[in-house]
Amino acid sequence: MRLLVPALISLMGAVTHAQEFIIGVEDLDYFPYYSSSNGQFLDSPSKQLLDRFARQNGYTFVYTPLPVARLTQAFIDAELDFKFPDSPDWAQEAKSGLEIHYSDPIFHYTDGVMVIPDRLHQGLDSFKALGTVRGFTPWSFASLISQGHVQMQETSSLESVVLQALYQRVDGAYFNIAVANWFLTHRLEQPDSLVFDITLPHASGHYTLSSIQHPEIISQFNDFLLNEARWIDELQPAPLYE
């Protein structure tokens with residue numbers, strides 16, 4: 001019996017550990033979708049969704065915020081169990097050759113160009129410099145950038161990108177439109193100081209949860225998305241640009 005007790009305790013510890021997973025998240029203030037600060041993944045619609053799934057299935061999620069480019073590399077290097085957000089369209093070259101399992105769509109997004117009102121609907125003829133956050137890839141501008149028609153200027157944060165556009169150091173800031181509007185309204189208290197130019201290249205899609213190592217949990221997560229569809233619709237951030 002004395003031999004069995006330590007063995008049982010060890011087994012219980014192994015089972016507990018097996019239910020803990022590391023989710024890599026972007027170290028960004030990306031509200032109203034998600035937000036990280038000082039190494040913490042803060043309360044947000046995304047965290048509420050992931051935490052609810054974990055609770056229902058007896059998992060513990062440990063969130064690890066990382067800069068965008070570093071996050072992708074850590075995921076590829078198998079340092080993380082899951083990555084959020086992710087998309088099959090992102091970092092395709094870096095992910096080449098890997099079998100990555102993506103969840104069904106979670107939150108819808110639109111990425112596009114925020115410009116000062118005076119530049120609205122001026123088109124691409126006078127558009128030369130595009131600001132974005134380091135590690136982001138503005139796919140809708142990829143050919144224009146590769147051909148040298150538009151120069152991409154990367155910064156470390158959304159605030160830097162927004163300020164570049166406000167002070168006209170770039171012609172526009174490429175970002176998630178709902179996030180940019182939320183930041184302008186709630187952080188800078190300058191709503192409508194930048195506006196979405198729908199006539200410039202933009203892209204829409206969905207954020208997903210991804211994993212290389214745990215396809216069975218991605219499948220389980222898909223069932224959760226289906227079962228909780230009504231609740232998730234209520235969590236979906238408003239687009240703020242319609």
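The values are calculated or read from the model by the stated rules, or taken from the named source; none is laboratory data. Keep in mind the model is a prediction, meaning the values are calculated, not measured. Note that we place each Cβ from the backbone using ideal geometry, even for glycine, and neighbour counts take in every protein chain shown. With ligands, DNA and RNA removed, areas are computed over all heavy atoms of the protein, side chains included. Shrake-Rupley method; radii C 1.70, N 1.55, O 1.52, S 1.80 Å.
Any lysines with Cα under 19 Å of the K83 Cα? List them, leaving off those in the same chain fewer than 8 positions away.
Those lysines meeting the cut-off are K47, K95.
Whose amide H sits under 5 Å from the amide H of Y63, counting only residues 5 or more places off or on another chain, with H placed in the peptide plane?
For Y63, whose amide H was placed from the backbone, the distant partners under 5 Å are I23.
Compute the signed sum of charges (Lys and Arg +1, Asp and Glu -1) over the other residues within less than 14 Å, Cβ to Cβ, of F75.
After counting each charged neighbour, the total is -4.
Could you give the angle, 0 to 90 degrees to the nearest 10, between helix 4-18's Cα long axis and the longest principal axis of the Cα atoms of the chain?
Roughly 20 degrees, rounded to the nearest 10.
Among all the aspartates and glutamates, which ones have a C-alpha under 20 Å from K128's C-alpha, if same-chain residues fewer than 8 places away are not counted?
Of all the aspartates and glutamates, those that pass the test against K128 - Cα under 20 Å, at least 8 places apart if same chain - are D111, D118, E154, D171, D197.
222 nm [θ] for the chain, helices only, -39500 (n - 2.57) per DSSP H run of 4+, per residue, to 500?
Numbers: 8 runs with 77 residues, N = 242.
Taken over the chain, the calculation gives -9000 deg cm²/dmol.
Note the full-extension length gain between Q213 and Q122 as 0.36 nm times their separation in residues minus their Cα-Cα distance, in nm to one decimal.
28.1 nm
Return P(r) of segment 167-242 (all Cα-Cα pairs; 5 Å bins starting at 0; whole %; ordered from short to long distances).
Cα pair-distance distribution for segment 167-242, in percent: 3, 11, 17, 17, 14, 13, 11, 9, 5, 1.
Tell me which chymotrypsin sites (Phe, Trp or Tyr not before Pro) from segment 138-242 have a DSSP coil assignment and no more than 15 other beta carbons within 10 Å of their own. Intermediate results must be reported in sequence, preceding the final value.
On the way: sites: W139, F141, Y167, Y174, F175, W182, F183, F196, Y207, F221, F224, W231, Y241; in loops: Y167, Y207, Y241.
Within segment 138-242, the qualifying chymotrypsin sites (Phe, Trp or Tyr not before Pro) (loop, at most 15 other Cβ atoms within 10 Å) are Y167, Y241.
What does the charge count around L184 come to, taking other residues whose C-beta lies under 14 Å from its C-beta (Lys +1, Arg +1, Asp -1, Glu -1)?
So the surrounding residues net to -3.
Pulled fully out, how much extra length does the chain show between D51 and E99, if you take 0.36 nm times their separation in residues and subtract their Cα-Cα distance?
14.7 nm
Return the distance in nm (one decimal) between the two label points of a simple spin-label model at E228 and Q147, each offset 7 Å from Cα along Cα→Cβ.
About 4.4 nm, to one decimal.
Could you let me know the centre-to-centre spacing of segment 15-92 and segment 213-240, using Cα atoms, in angstrom?
The two parts, judged by their Cα centres, are 14 Å apart.
What translational diffusion coefficient, in µm²/s and rounded to a whole number, does the Stokes-Einstein relation yield for the chain at 25 °C and a viscosity of 0.890 mPa s, taking the hydrodynamic radius as the Kirkwood radius over Cα pairs?
126 µm²/s
How long, wide and thick is segment 50-146, going by the Cα atoms along their three principal axes, in whole angstroms, largest first?
The Cα atoms of segment 50-146 stretch 54, 30, 23 Å along the principal axes, largest first.
If DNA, RNA and ligands are ignored and the probe is 1.4 Å, what is the ranking of R55, R70 by accessible area, most exposed first?
R55, R70
Where Rh is the Kirkwood radius over the Cα pairs of segment 53-107, the temperature 10 °C and the viscosity 1.306 mPa s, what D in µm²/s does Stokes-Einstein return?
The Stokes-Einstein estimate is 126 µm²/s.
Around V113, under 13 Å between beta carbons, what's the net of Lys plus Arg minus Asp minus Glu among the other residues?
Taking every other residue near V113 into account, the sum is -1.
For D89 and A129 in one chain, what is 0.36 nm times their gap in residues minus the Cα-Cα distance, to one decimal in nm?
Length gained between D89 and A129: 12.1 nm.
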